[in-house]
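Participant: Structure in structure tokens, see below.
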Amino acid sequence: MRSKKLLPFYVLSTLLIAGFVGVYVFLKMDPSNQRFAEPPEKLTPIVEFNHEALIYDVAFSPVDASLVAGADADNTIKLWNLSNTETPQVIFRGHVSPVKSIAFSPNGKLLASAGFFESRVILWDMLSATKINSFEAPAIAVAISWDGYYLATAGRHLKLWDIRNPEEITEVQTLPHDKSVLLWTVDFSPDGKWLACGDENGRLKVWDIQHRELVRSVKTDSDKIMSVRFSADSRFLASSRFYTHTLWRVPEWQLHGQILGEALGLDVDFSPDRKMYATSDLNGAILRSLASGERIASVGRTTDVTWSVAFSPDGNMLATGGEDEILRLWDVSAQQLARIDTTQHDVVRLIYFLSKERPLQRGIATKLDRLIRQAQRFYATQMDSHGFGRKTFTFEADARGKAKVFLVIAKHPDEYYDEDTSIKVRTEISEHFNFSKNVLLVVVDIESGVFAKKGRRRTIGQGNVSGFKYSQKLGRSLHGGRALVSAASRDLEWDTIAHELGHAFGLQHDFRGRDPRIMSYASGRYELSKCAAEWLDKSRFFNPNQPFFDKPATIEMPSLPGGSDITSFQFEVADEDGLHQAQLIVPTTPQDPVTKAGFKLHDCQSLNGVKNATVAFEVPKTSVKEIELWLMDLHGNIVWREFDFNEDSAQPSEKP
């Protein structure tokens, strides 16, 4: 009798134990429920000051890091104190045009300012918050020497002034300059030896102050040098122009390094400890290593252009100001930088972008680990088969060696992503990750948009480099890219991942011949072409620890020949870092297996590290209206130029 009474208890206990075991096994077998990585921390502002006008220049007091000034389009200079974020401590009024440039004296007692459209410079007393003096000077940029004795003004003239007695300013010298060319920026070296300036024609000049001699004059390929700045130890000079900045070693005046196409470049500043420097960008600033040029961190919180950057005297803060009218202070101390995203460059990062309306896919993290390894092995095997060894890309892994998968939950309902799916997904991803540093493989799991269209042909994946047209002629790949793939089980396969990653590495569609190449749409696409393998042999993603500094490349094209069914395209190419490979990219045709017009690889040419070359390709004349030439140098840097052809002329013209 007793055993019969206990039977229900035994049954219930057995069911409960089985249930707990089932949950335990489920969790162990499905790491996606517990082993996603948290999106990396990004820099956030310490404080934001509402300037209520476009900010052209920012500067910290050299003796008090809690004081920062901003020059703005309301013709004023606002001095802010960290202890009060609501209202400025002082507003300096006296200019009749937007204030372009400000400079503190070394003791913090004096401030100089110059406006855009007035031939007048004003000196301000910081203790009494009053104007001390103003004088005629056709200047839009000012700088004060580090001993506080001299003021340099730059505009239509380059002048030195003695300001030891601010109430009785005297002109010391007018340095030779063509007044028809506007000087945009000026700076003294801290050791008092040099004065640098940059003009609207892209010429950098450096003067020996003691001997009043011009020691350096360099014409850059830019229309305007926006900023020049010496490092605190006077060992480096930075010159910044649109989408390019250059570092020079002083006093040898030899090139230390260049970064091309990775920051807007309206301003530049060095940290006091000389370990890093900052450049203004479209939506904030970029911190880089002074030694190597490596990107340390991105600083941004706006979609508007940042005009100016400045480090605090202790180097723990960075000030930014620009078109959104907010002066921001950022914590860039060594302690804070150690806590943000410090993942190495040129690796693949996996992101699972999940709808807020859908459950996690069971086992998705394990599946992605398996698929990314298959894609990795594919590239290694194919590279080896072409004689380049088992080179392949690296993906970010956790402490257990498994692929690190970051979970990002969509901000909006699925319906929101029905239009402009990729743009909206990329926008949300960019709040946590940088497309300019790594390849981001984003697995999109939403029931909406191009990755989940019903009744129509859907998009299985998209991939491309993070490109930027940094000059009038050339586009450039940043050190990163993106690959978006559908999370649907029918789509999420290793070859899709390998194909889209190929695009992120700079590979184009390849429909040549009948081989089932990975960059085609063929079934059983298990081959990497020789062109693609040779390209990847120098890719940054297949060769870690490549230099970040880069020398510019050029691509020129003479006139087209006419009167033939075959058109020979000839290019003159050059790169001081050494040329690796050139690829001719042409439009797809109706015969190609694509759903819409695009581009494809026509042919490639190995350049074997030469610095200058002539490359030629033959293409059926009737099939080409526009082309692109892509180049890779020996460090894996990618540039390209686009050309289109007027039907009434054999002359190539630049594609708009």
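Participant: Specify the residue that is farthest from residue 143 (Cα to Cα); the eligible residues are those in the stretch 77-96 that are within 32 Å of the chain's Cα centre (by Cα) and open to solvent by less than 10 Å² (accessible area, probe 1.4 Å). Outline the logic, then answer.
Facilitator: First, pick out the residues of the stretch 77-96 that are within 32 Å of the chain's Cα centre (by Cα): 77-82, 85.
With the extra rule that they be open to solvent by less than 10 Å² (accessible area, probe 1.4 Å), the set shrinks to 77, 79-80.
Numbers: 77: 16, 79: 18, 80: 21 Å.
The selected residue is 80.
Participant: Further question on the same structure: Please list, ordered by residue number, the strands (runs of 3 or more DSSP E) wholly in the stretch 219-263 having 2 or more residues that are open to solvent by less than 20 Å² (accessible area, probe 1.4 Å) and within 23 Å of residue 435 (Cβ to Cβ). Don't jump to the end; show me each part of the working.
Facilitator: Details: elements: 225-230, 236-241, 244-249, 254-260.
Strands (runs of 3 or more DSSP E) meeting the threshold: 244-249, 254-260.
Participant: If you don't mind, another one. Please enumerate the residues belonging to the stretch 585-608 that are in a loop (DSSP other than H, G, I, E, B) and either surrounded by fewer than 14 Cβ atoms within 10 Å (Cβ to Cβ) or in contact (Cβ under 8 Å) with a residue 40 or more places away in the chain (or both). Before you say what the answer is, go through the steps one by one.
Facilitator: Of the residues in the stretch 585-608, the ones in a loop (DSSP other than H, G, I, E, B) are 588-598, 607-608.
588, 589, 590, 591, 592, 593, 594, 595, 596, 597, 598, 608, listed by residue number.
Participant: Now, a different point. Of the residues 57, 74, which single one is surrounded by fewer than 19 Cβ atoms within 10 Å (Cβ to Cβ), modelled with pLDDT of 95 or more and either more than 26 Å from the chain's Cα centre (by Cα) or in a strand (DSSP E or B) (or both)? Quick ask: steps written out before the conclusion?
Facilitator: Values: 57 fails: surrounded by fewer than 19 Cβ atoms within 10 Å (Cβ to Cβ).
The conditions single out 74.
Participant: In addition: Would you confirm, using the coordinates I've provided, whether residue 189 is in contact (Cβ under 8 Å) with a residue 60 or more places away in the chain and either open to solvent by less than 20 Å² (accessible area, probe 1.4 Å) or under 22 Å from residue 265 (Cβ atoms) (or both)?
Facilitator: Values: in contact (Cβ under 8 Å) with a residue 60 or more places away in the chain: yes; either open to solvent by less than 20 Å² (accessible area, probe 1.4 Å) or under 22 Å from residue 265 (Cβ atoms) (or both): yes.
Criteria met by residue 189.
Participant: Check the stretch 447-457 and report whether any residue there is surrounded by fewer than 23 Cβ atoms within 10 Å (Cβ to Cβ), within 30 Å of residue 382 (Cα to Cα) and at pLDDT below 95. Quick ask: steps written out before the conclusion?
Facilitator: Step one: list which residues in the stretch 447-457 are surrounded by fewer than 23 Cβ atoms within 10 Å (Cβ to Cβ), which gives 447-450, 452-457.
Checking which are within 30 Å of residue 382 (Cα to Cα) leaves us with none.
No.
Participant: Out of the residues in the stretch 478-497 that are farther than 17 Å from residue 459 by Cβ and hydrophobic (A, V, I, L, M, F, W, C), state the one that is nearest to the chain's Cα centre (by Cα).
Facilitator: Only one residue fits best here, namely 478.
Participant: State all residues of the stretch 267-279 that are modelled with pLDDT under 95 and either open to solvent by less than 10 Å² (accessible area, probe 1.4 Å) or of a type in the set (A, V, I, L, M) (or both); if no residue qualifies, say none.
Facilitator: Matches in the stretch 267-279: none.
Participant: Right, next: Return the residues of the stretch 97-125 that are open to solvent by 30 Å² or more (accessible area, probe 1.4 Å) and of a type in the set (Lys, Arg); say none if nothing qualifies.
Facilitator: 109, 120
Participant: Please go through the stretch 380-393 and give me each residue that is exposed (fewer than 14 other Cβ atoms within 10 Å of the Cβ) and over 15 Å from residue 518 (Cβ atoms), ordered by number.
Facilitator: If the condition is that a residue be exposed (fewer than 14 other Cβ atoms within 10 Å of the Cβ) and over 15 Å from residue 518 (Cβ atoms), then 387, 389, 390 are the ones that fit.
Participant: Is it the case that residue 570 is open to solvent by less than 40 Å² (accessible area, probe 1.4 Å) and part of a strand (DSSP E or B)? Step through it out loud before you land on a result.
Facilitator: Working: open to solvent by less than 40 Å² (accessible area, probe 1.4 Å): no; part of a strand (DSSP E or B): yes.
Here the answer is no, as residue 570 does not meet what is asked.
Participant: Among what's in the stretch 482-523 and is among the hydroxyl-bearing types (Ser, Thr, Tyr) and in a loop (DSSP other than H, G, I, E, B), pick the residue that is surrounded by the most Cβ atoms within 10 Å (Cβ to Cβ). Before the answer, list the steps.
Facilitator: Kept after step one, since they are among the hydroxyl-bearing types (Ser, Thr, Tyr), are these residues of the stretch 482-523: 486, 489, 496, 520-521, 523.
Then drop every residue that is not in a loop (DSSP other than H, G, I, E, B), which leaves 489, 520-521, 523.
Numbers: 489: 10, 520: 21, 521: 15, 523: 8.
Here the answer is 520.
The values are calculated or read from the model by the stated rules, or taken from the named source; none is laboratory data. Because the structure is predicted, anything quoted here is derived from the model rather than measured. Note that each Cβ is placed from the backbone with ideal geometry, even for glycine, and that neighbours are counted across all protein chains shown. Remember, those area values only see protein heavy atoms, side chains included, never the ligands or the DNA or RNA. Shrake-Rupley method; radii C 1.70, N 1.55, O 1.52, S 1.80 Å.
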